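The values are calculated or read from the model by the stated rules, or taken from the named source; none is laboratory data. As the structure is a computational prediction, the values presented were derived from the model and not from experiment. We place every Cβ from the backbone using ideal geometry, glycine too, and count neighbours over all the protein chains shown. Remember, those area values only see protein heavy atoms, side chains included, never the ligands or the DNA or RNA. Shrake-Rupley method; radii C 1.70, N 1.55, O 1.52, S 1.80 Å.
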Amino acid sequence: MELRHLRCFLTVAQLGTVTAAADQLHIAQPAVSRQIQRLERDLGVTLFRRNGHRLSLTDAGRHTLDLAHDLLTRADRLTTVAGQLADGQLTRITCVAAPTTLDYVLAPFVATLNDDDPFIAVVSVLGDEVHEAVAAGHDFGIAANMPPRAALPGNTSPACRSTPTSTRATPGPATPASHWTS
């Protein structure tokens, strides 16, 4: 299966005819037909019901439509992120922390970020689950305790075992992120 076949499938499904899809994709009608046939053969299902020149999705086609759209969206995102990474740009960071830490430590920091800063996705976990979440693939976590040695298997770098940090805050009452309005 090729991404171009999925793009062709989505275009035909959206427009309803091979002719309209060929015009939009700037390829010949026979090429569109071949791509749809190849995709049907690769998937082992019939995607369209032919009604004269109009095409309608079969049950398998309707099920495939959302999956194909999701796959192409992810492929496009991968291309974008890969280009940004190649240019030395960091685009997204995932941070895990306990709810109180998110409200009072991380949220005020995130509020200061600009549009050109990386997107920070925050994940709320119980305080004793932060290290497990980082070991499971999140970029970093903020925890009140040291990770157990087993939480970071194969980690031999002293800098990664423990990085003491301090937090500074301006005087005044803190407002939890859950109370912010936009």
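Quick one: in the range 5-37, of everything that is surrounded by 15 or more Cβ atoms within 10 Å (Cβ to Cβ), touching a helix residue (DSSP H, G or I) at 6+ places or on another chain (Cβ under 7 Å) and not hydrophobic (A, V, I, L, M, F, W, C), which residue is nearest to Leu57 (Cα to Cα)?
Within the range 5-37, the match that is nearest to Leu57 (Cα to Cα) is Thr11.
Does Pro147 satisfy being at pLDDT below 80, touching a helix residue (DSSP H, G or I) at 6+ places or on another chain (Cβ under 8 Å), open to solvent by less than 60 Å² (accessible area, probe 1.4 Å) and not in a strand (DSSP E or B)?
yes
Which of the numbered conditions does Leu106 fail, given that it passes all the others? Conditions: (1) surrounded by fewer than 12 Cβ atoms within 10 Å (Cβ to Cβ); (2) in contact with a Cys (Cβ under 9 Å, 6 or more places away or on another chain).
It is condition (1) that Leu106 fails.
Hey, Ala28 hits all of (1) more than 23 Å from the chain's Cα centre (by Cα); (2) closer than 25 Å to Gly137 by Cα; (3) not charged (D, E, K, R) but one; which does it fall short on?
(2)
Quick one: which strands (runs of 3 or more DSSP E) lie wholly within the range 32-144 and hold at least 1 residues that are under 29 Å from Leu10 (Cα atoms) and in contact (Cβ under 8 Å) with a residue 12 or more places away in the chain?
Of the strands (runs of 3 or more DSSP E) lying wholly inside the range 32-144, those with at least 1 residues that are under 29 Å from Leu10 (Cα atoms) and in contact (Cβ under 8 Å) with a residue 12 or more places away in the chain span 48-51, 54-57, 92-97.
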